[in-house]
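Right, one structure below, let's go through it.
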Amino acid sequence: MSKNIFIKTFGCQMNEYDSNRIFDIVKKIGFNRTNNIDEANCYLLNTCHIRDKAKEKVYHEIGRVKKNFRFKNKPLVIITGCVAQAENEEMLKREPYIDLVIGPQAYHKINKKIEEYLNKQRRLDETEFDAISKFDYLEKIKNSSQKISSFLTIQEGCDKFCHFCVVPFTRGPEYSRPFKKIIQEAKTLADNGVKEIILLGQNVNAYQNDNYRLSDLLIEIEKIPEILRIRYTTSHPNDMTDDLIKTYGISKKLMPLVHLPVQSGSDKILDSMNRKHQVEDYLNIYKRLKKINPAIRFSSDFIIGYPGEDEKDFNNTLSLVKEIEFINSYSFVFSPRPGTIASKLKLNDNKISFDRLRIIQQKLTDHQIKMNKSLENKVIDVLVENKMKKSPKFFGRSEYMTPVIFNGNDQDIGKVVKIKINNSNRNTLFGEIVEKSKLKVA
Ligand code: SAM
Ligand code: SF4
Ligand code: F3S
């Protein structure tokens with residue numbers, strides 16, 4: 001019988017990367033990946049714990065799978081990711097339909113766990129922190145990603161312990177992969193046809209291996225001719241070191257969108273969050289980068305309604321949003337997470353928090369619309385990713401990650417082409433390819 005695995009992923013880009021690497025591992029014991037759940041005899045749910053209802057979402061999802069397989073053979077059900085780490089054996093107790101629970105630092109053991117389960121039918125959880133062994137193992141397995149834009153994890157875990165965040169508990173202590181292994185993986189991706197690499201880490205700019213820093217990785221990956229664009233996410237303001245800032249003046253492939261979460265524009269709230277920097281430090285980074293390249297734009301993450309946030313704190317956040325004109329940003333109302341310091345603080349009024357969220361999101365949307373409108377009738381560089389499924393048009397991204405839909409050609413997939421933008425909305429730019437001959441005339 002063929003072995004088919006269906007993988008569903010919640011959460012951040014690192015979970016997406018992990019899901020693909022998990023598939024690279026289980027392929028070794030004969031699994032094929034399927035996008036059709038009905039064909040699956042193994043169902044893997046890669047979970048996220050960052051905001052509320054994460055746990056309930058998982059049990060809800062398992063309920064749906066149960067229903068789907070009511071009249072068929074039960075698939076092997078595996079839960080991975082940050083809820084798996086946080087809940088471990090609790091999940092096996094609460095939901096008998098779950099067979100294996102495997103935390104993010106134990107993915108290298110997944111084949112062994114599957115085989116143990118299949119031999120003994122014994123339900124297991126494996127949630128030890130063992131980042132070194134995990135990456136040692138993964139480095140021996142080829143990354144099979146053939147996407148035009150691909151993730152590459154360089155660092156995992158976090159030692160910063162912001163008072164609202166579960167990541168240090170679910171992903172463990174900070175670990176940076178060896179420099180040479182990362183470059184090797186980047187070359188493998190380039191050989192697979194990848195053109196854009198997005199370096200990942202919970203604190204990607206805290207990367208430190210021997211004397212190598214993120215800036216060294218960026219400069220080395222830039223030397224791979226097939227790689228046309230490089231990005232990194234997610235970074236922390238305290239790790240925006242001089243060498244990294246200077247790289248923006250040297251690199252030709254590092255994209256001019258800096259995703260730098262600030263969370264709040266109030267020093268009082270930043271302090272209570274344990275972010276260990278002030279608004280002025282953030283503004284200094286912004287000004288220094290703008291000086292190096294005025295085309296640089298910022299995107300960010302915001303937590304609204306953090307315990308103790310009053311009208312003045314919120315207005316400070318709003319002022320910062322207006323000053324920096326962030327694009328492509330994320331904002332959520334504070335969600336108390338079990339085990340964190342902030343979960344013990346008195347919650348703000350829910351209605352006020354959601355009203356504030358609406359105001360901030362409207363402002364962020366206004367900036368996005370303004371940015372997209374400013375590109376109408378202009379010619380921009382777009383990395384072409386694919387032909388669209390339900391339309392003859394093509395899909396790519398601008399230097400600022402904005403989706404671009406345009407009339408193109410198959411042979412342009414994987415290339416950076418000139419697109420004239422005719423139209424835009426909040427999320428997307430629409431345009432047409434500019435023939436090279438016309439560009440010269442213009
Ligand atoms: N390491 C990154 C940093 O320091 O900015 C953030 C990584 S975290 C996976 C992604 C985002 O989730 C955070 O920037 C924050 O805005 C949001 N987040 C984390 N915990 C949260 C909470 N308890 N409630 C609401 N949003 C939260
Ligand atoms: Fe979470 Fe980022 Fe803070 Fe680490 S630095 S605790 S990942 S928000
Ligand atoms: Fe979620 Fe874990 Fe990523 S909590 S955001 S999947 S690091």
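The values are calculated or read from the model by the stated rules, or taken from the named source; none is laboratory data. Here the structure is a predicted model, which is why all the values come from computation and not from measurement. Reconstructed Cβ throughout: ideal geometry from the backbone, glycine too, with neighbour counts over all protein chains shown. Accessible surface is based on the protein model in full, side chains and every heavy atom, while ligands, DNA and RNA are left aside. Shrake-Rupley method; radii C 1.70, N 1.55, O 1.52, S 1.80 Å.
Data overview
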| read-out | value |
| --- | --- |
| Members of segment 307-339 found to be over 23 Å from the mean Cα position of the chain (by Cα) and modelled with pLDDT under 95, listed by number | 339 |
| Given (1) charged (D, E, K, R); (2) within 13 Å of ligand 2 (Cβ to nearest atom); (3) open to solvent by 30 Å² or more (accessible area, probe 1.4 Å), index of the condition residue 216 fails | (2) |
| Which numbered condition residue 73 misses (of (1) within 27 Å of residue 166 (Cβ to Cβ); (2) of a type in the set (S, T, N, Q); (3) outside any helix (DSSP H, G or I)) | (1) |
| Residue among 269, 245 that alone is more than 25 Å from residue 135 (Cβ to Cβ), touching a Phe, Trp or Tyr at 6+ places or on another chain (Cβ under 6 Å) and of a type in the set (Val, Ile, Thr) | 269 |
| Search result, residues across segment 261-293 that are over 27 Å from residue 226 (Cα atoms) and assigned to a loop (DSSP other than H, G, I, E, B) | 261, 262, 264, 265, 266, 274, 275, 276, 277, 278 |
| Residues that are within 16 Å of ligand 3 (Cβ to nearest atom), assigned to a strand (DSSP E or B) and among the β-branched types (Val, Ile, Thr), drawn from segment 222-240 | 233 |
| Residue 83 vs. criteria of a type outside the set (D, E, K, R), within 16 Å of ligand 1 (Cβ to nearest atom) and either without any contact (Cβ under 8 Å) to a residue 60 or more places away in the chain or more than 18 Å from residue 24 (Cβ to Cβ) (or both) | yes |
| When residues of segment 314-342 are limited to those that are open to solvent by 30 Å² or more (accessible area, probe 1.4 Å), within 14 Å of residue 303 (Cα to Cα) and in a helix (DSSP H, G or I), the one nearest to ligand 1 (Cβ to nearest atom) | 316 |
| Matching helices (runs of 4 or more DSSP H) fully within segment 127-199 where at least 1 residues are within 16 Å of ligand 2 (Cβ to nearest atom) | 131-139, 167-170 |
| Scan of segment 142-190 for residues that are without any contact (Cβ under 8 Å) to a residue 24 or more places away in the chain and away from ligand 3 (no atom under 16 Å from the Cβ), ordered by number | 180 |
| Set 4, 15: member being within 16 Å of ligand 3 (Cβ to nearest atom), open to solvent by less than 40 Å² (accessible area, probe 1.4 Å) and modelled with pLDDT of 95 or more | 15 |
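For every residue, the table says whether it meets (1) in contact (Cβ under 8 Å) with a residue 40 or more places away in the chain; (2) open to solvent by 60 Å² or more (accessible area, probe 1.4 Å).
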| site | (1), (2) |
| --- | --- |
| 25 | yes, no |
| 35 | no, yes |
| 38 | no, yes |
| 47 | no, no |
| 52 | yes, yes |
| 57 | yes, yes |
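So that you can scan it fast, the table gives a plain yes or no per residue for (1) within 16 Å of ligand 1 (Cβ to nearest atom); (2) β-branched (Val, Ile, Thr):
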site: 171; (1), (2): yes, no
site: 193; (1), (2): no, no
site: 198; (1), (2): yes, yes
site: 205; (1), (2): yes, no
site: 213; (1), (2): no, no
site: 229; (1), (2): no, no
